[in-house]
């Protein structure tokens, strides 16, 4: 293993991107239902994302960007890092 990999911080937990989304909604005083309406996504899907049961797809990331003004790349990266952390936790 190279030193670069050995010296990287890799936490032993994974925080779903939905937690971040919930924080943003709370900061803006926006409900899940309002976000669902504004993005055109079903309320169930928004709730599942927030609860870590559904992934943020690239299409959903673009919709979040349009509604929240937070770049789709942020949401895509957040999802990718979460899924990678889950894989690391389960592939030991």
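All of the numbers you see were taken from the coordinates with simple rules; none came from a lab. Small disclaimer: the values here were computed from a predicted structure and weren't measured.
What do the square roots of 5 times the Cα gyration tensor eigenvalues come to for the stretch 22-75, in whole Å, largest first, as semi-axes of the equivalent ellipsoid?
Numbers: eigenvalues 40, 36, 23 Å².
Square roots of five times the eigenvalues give 14, 14, 11 Å.
Restricting to Cα pairs below 8 Å that are 6+ residues apart, what does the relative contact order work out to for the stretch 16-90? Please round to a whole percent.
Details: 65 pairs, mean separation 23.1, N = 75.
Answer for the stretch 16-90 is 31 percent.
For residue 88 and residue 66, the difference between the fully extended length at 0.36 nm per residue and the C-alpha to C-alpha distance is 4.7 nm.
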